[in-house]
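J.: Here you go, one structure.
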Amino acid sequence: MKLKYQFCIIALSLMLAGCDESDVNKKLQKKENIQSAEIVKAKEEKRKAMLNQIPVIKIPDTGHLVLMSNKSLRESRNGYSTQIIAESFTDSGRILTPPGDTYILTNYPTQLGDMTTYVTPDPKDGKRHPAVIWISGGYGGLSDSEDFFWREHDRDNDQSASAFRKAGLVVMLPSFRGEDKNPGRYEMFYGELDDIEAAYDWLSRQSYVDPERIYLAGHSTGGTRVLLASEYSTKFRGYFSLGGIPDLKARVEGGEMSVIVPFKQTKKEFQLRSPASYIKSIKKPTWYFEGEEAYWQAFDNIEKVVKKEKIPLFIYKIPNGDHFNIIAPLTEMIAQKILADSGRKSNITFSDKDIAKISHELTGR
């Protein structure tokens, strides 16, 4: 009614001014357009305000949004069975027996049965030593790795975890379900978390290992497993993720995968494999590192959350680094910090000077 009244008034005024009805319609249309634009703008501002209140992490690298769960990862997985519908790869099961002064080839028990692992031998010095479980990158287990874990590598890409062994730490290199002819099927960032806990339990019972000083570390896909393990468990004294990803769905949809995704690709299945979804689950000190050339911008947004929520996740982008050249100097530094970390609680920190030292080495290569 109000609009009709305005129409009549304007029409009368225009008639008196010598204008026709088309002029009236144009003016009314212009006024309606202004009102519509204001409504759209108000709705958009309201949408943005609501979005800012929803606990989401933006993945600017791919455009994805990850909803943060208020439940822990363990709670969210409780009673759920992942749906595996494909095989990602086939391992030959061929694993070399290493030189006796480097590793022992053995098995560790899990809920599915015994699984293969390398572990450094007992030094026979009557002491209990700090230990690292190292999860290597890529897909597949120890099969066909030949002498990879005990031969020398170029410092630009040393994924062997040799820095820990050379520093005198006990090192365990486990393979998981569906790898190396182990029982079960490969689940891609899901069932392995239970196997990691089983590896910890076995290692903590070894007479030469200090059960209070066992750490988890890994690179690339191994780094992603570390992040998820830090959200799933508090068994380890500390967690070191080198080059893990923030979200599996973003990775799968953002670029070509080198293996088949084995699970049914539903929202639930992806969420339970997304480190960003369960950042609030982290209770033990966890460190994330990546070279600036491969760094996911999403971790800048994750860092804002962890600082606000006081979550013990510490994120470092290493200047002059890429996905691989950071491994050697970083694992050497981590090894020394672990050796010095002998108090009741972990006192490990990484200063700006520490990161600058690594960056400086990378500059000189």
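The values are calculated or read from the model by the stated rules, or taken from the named source; none is laboratory data. Quantities reported herein were computed from a predicted structural model and do not represent experimental measurements. Using ideal geometry, Cβ is built from the backbone for each residue, glycine included, and neighbour counts are taken over all protein chains shown. Heads up: the accessible areas ignore ligands, DNA and RNA and are worked out on the full protein's heavy atoms, side chains in. Shrake-Rupley method; radii C 1.70, N 1.55, O 1.52, S 1.80 Å.
J.: Residue check: is Arg74 open to solvent by 60 Å² or more (accessible area, probe 1.4 Å), assigned to a helix (DSSP H, G or I) and at pLDDT 95 or above? Give the derivation first.
T.: Details: open to solvent by 60 Å² or more (accessible area, probe 1.4 Å): yes; assigned to a helix (DSSP H, G or I): yes; at pLDDT 95 or above: yes.
Considered against the rule, which asks whether it is open to solvent by 60 Å² or more (accessible area, probe 1.4 Å), assigned to a helix (DSSP H, G or I) and at pLDDT 95 or above, Arg74 comes out as yes.
J.: For the stretch 84-105, enumerate the residues that are β-branched (Val, Ile, Thr) and either farther than 10 Å from Tyr118 by Cα or surrounded by 11 or more Cβ atoms within 10 Å (Cβ to Cβ) (or both).
T.: Ile84, Ile85, Thr90, Ile95, Thr102, Ile104
J.: Which one is surrounded by the most Cβ atoms within 10 Å (Cβ to Cβ), of the residues in the stretch 293-306 that are more than 14 Å from the chain's Cα centre (by Cα) and more than 17 Å from Glu231 (Cβ to Cβ)?
T.: Residue satisfying both the conditions and the ranking: Glu293.
J.: Out of Glu309, Glu231, Glu290, I need the residue that is buried (at least 23 other Cβ atoms within 10 Å of the Cβ) and in contact with a helix residue (DSSP H, G or I) (Cβ under 7 Å, 6 or more places away or on another chain). Which one? Can you show your working first?
T.: On the way: Glu309 fails: buried (at least 23 other Cβ atoms within 10 Å of the Cβ); Glu290 fails: in contact with a helix residue (DSSP H, G or I) (Cβ under 7 Å, 6 or more places away or on another chain).
Checking each option against the conditions leaves just Glu231.
J.: Further question on the same structure: Report the residue count in the stretch 124-151 for those that are in contact with a strand residue (DSSP E or B) (Cβ under 8 Å, 6 or more places away or on another chain) and open to solvent by less than 70 Å² (accessible area, probe 1.4 Å).
T.: 12
J.: Do we find a residue being of a type in the set (Phe, Trp, Tyr), at pLDDT 95 or above and over 18 Å from the mean Cα position of the chain (by Cα) anywhere in the stretch 348-357?
T.: yes
J.: Take the stretch 246-280 and flag every residue that is buried (at least 23 other Cβ atoms within 10 Å of the Cβ) and of a type in the set (S, T, N, Q).
T.: Ser274, Ser277
J.: With respect to Glu197, is the statement that it is buried (at least 19 other Cβ atoms within 10 Å of the Cβ) and more than 17 Å from Ile338 (Cβ to Cβ) true?
T.: no
J.: For the stretch 252-274, how many residues meet the condition of being closer than 28 Å to Ile318 by Cα and either without any contact (Cβ under 8 Å) to a residue 60 or more places away in the chain or of a type in the set (Ser, Thr, Tyr) (or both)?
T.: The number of residues fulfilling the criteria is 6.
J.: Any chance you could count how many residues in the stretch 183-242 are in contact with a Gly (Cβ under 6 Å, 6 or more places away or on another chain) and assigned to a loop (DSSP other than H, G, I, E, B)?
T.: The qualifying residues number 5.
J.: Looking for whichever is part of a loop (DSSP other than H, G, I, E, B) and over 30 Å from Asp154 (Cβ atoms) here; the options are Lys345, Lys249, Lys304. Which one fits?
T.: Lys345
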